[in-house]
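**Q** Please read through the structure below; I'll follow up with questions.
The values are calculated or read from the model by the stated rules, or taken from the named source; none is laboratory data. Only a predicted model underlies this, so the values are computations on that prediction, with no experimental measurement involved. Because the Cβ atoms are built from the backbone with ideal geometry, glycine has one as well, and the counts that use them run over all protein chains shown.
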Amino acid sequence: MAEHKASIRWARTGDPADYTSGKYSRAHTWTFDGGATVPASAAPSVVPAPWSNPAGVDPEEAFVAAVSSCHMLTFLYVAQKAGFVVERYEDDAVGRMTKSERGATPWISQVTLRPTITYAGAKKPTDTEESHLHHQAHDQCFMAQSVKTEIRVER
């Protein structure tokens with residue numbers, strides 16, 4: 001099976017006393033095996049600015065994007081195999097954090113996908129067929145099969 005790699009880099013700047021008092025930057029970078037480097041940070045809702053960078057991708061956003069992207073890529077595959085031509089696929093996915101059953105630790109308990117799909121050509125899926133494609137995509141999506149988070153598709 002394949003391996004997927006990411007390098008995470010963070011370095012303390014400023015006075016060591018700032019670090020020990022919790023007043024340090026959470027900004028860092030993610031570098032992926034293909035060479036892309038992405039600015040990252042703690043979510044501003046978790047660590048307020050200036051110790052977080054709202055312009056950076058936070059792990060929670062990345063998780064939602066990964067789930068949505070995997071579903072989309074798998075949907076494109078199953079739609080193509082079923083003979084449909086997808087012209088455009090857009091999703092405004094949302095992750096919902098709640099407290100865990102074990103206590104106060106929050107987790108992303110639900111990701112709601114809201115895809116809008118445009119098809120080309122004469123063959124277009126019925127609502128039932130499109131729903132079936134989404135079920136197939138969910139069942140075959142690597143991310144969906146890797147997490148305990150509930151994943152919903154709203155159309």
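**Q** Are any residues in segment 91-126 hydroxyl-bearing (Ser, Thr, Tyr), more than 19 Å from Pro59 (Cβ to Cβ) and in contact (Cβ under 8 Å) with a residue 24 or more places away in the chain, and if so, which ones?
**A** Those that are hydroxyl-bearing (Ser, Thr, Tyr), more than 19 Å from Pro59 (Cβ to Cβ) and in contact (Cβ under 8 Å) with a residue 24 or more places away in the chain: Thr116, Thr118, Tyr119.
**Q** Take Lys81 and decide whether it is more than 17 Å from Arg155 (Cα to Cα), without any contact (Cβ under 8 Å) to a residue 40 or more places away in the chain and surrounded by fewer than 11 Cβ atoms within 10 Å (Cβ to Cβ).
**A** yes
**Q** Do we have Pro44 as surrounded by 11 or more Cβ atoms within 10 Å (Cβ to Cβ) and not assigned by TED's automatic domain parsing to the domain that holds Phe142 here? Steps first, answer last, please.
**A** Working: surrounded by 11 or more Cβ atoms within 10 Å (Cβ to Cβ): yes; not assigned by TED's automatic domain parsing to the domain that holds Phe142: yes.
So Pro44 passes the test.
**Q** Let me ask something additional. List the pairs whose first member sits in segment 1-24 and is farther than 16 Å from Ala42 by Cβ, whose second member is hydroxyl-bearing (Ser, Thr, Tyr), and whose Cβ atoms are under 6 Å apart, counting only residues at least 6 apart or on separate chains?
**A** Within 6 Å, the pairs are Ser7/Thr31.
**Q** Contact list please: Cβ distance under 6 Å, first residue in segment 129-153 and charged (D, E, K, R), second residue surrounded by 17 or more Cβ atoms within 10 Å (Cβ to Cβ), pairs at least six apart or on different chains.
**A** Close Cβ pairs (under 6 Å, with a partner that is surrounded by 17 or more Cβ atoms within 10 Å (Cβ to Cβ)) amount to Arg152/Thr112.
**Q** Now for a different question. Specify which of the listed residues (Ser68, Ser21) is of a type in the set (S, T, N, Q), within 30 Å of Glu130 (Cα to Cα) and either surrounded by 16 or more Cβ atoms within 10 Å (Cβ to Cβ) or not assigned by TED's automatic domain parsing to the domain that holds Thr116 (or both). Working first, answer last.
**A** Values: Ser21 fails: within 30 Å of Glu130 (Cα to Cα).
Criteria check complete, one pass: Ser68.
**Q** While we're looking at this one, here's another question. Evaluate segment 60-71: report whether one residue or more is touching a helix residue (DSSP H, G or I) at 6+ places or on another chain (Cβ under 9 Å) and hydroxyl-bearing (Ser, Thr, Tyr).
**A** no
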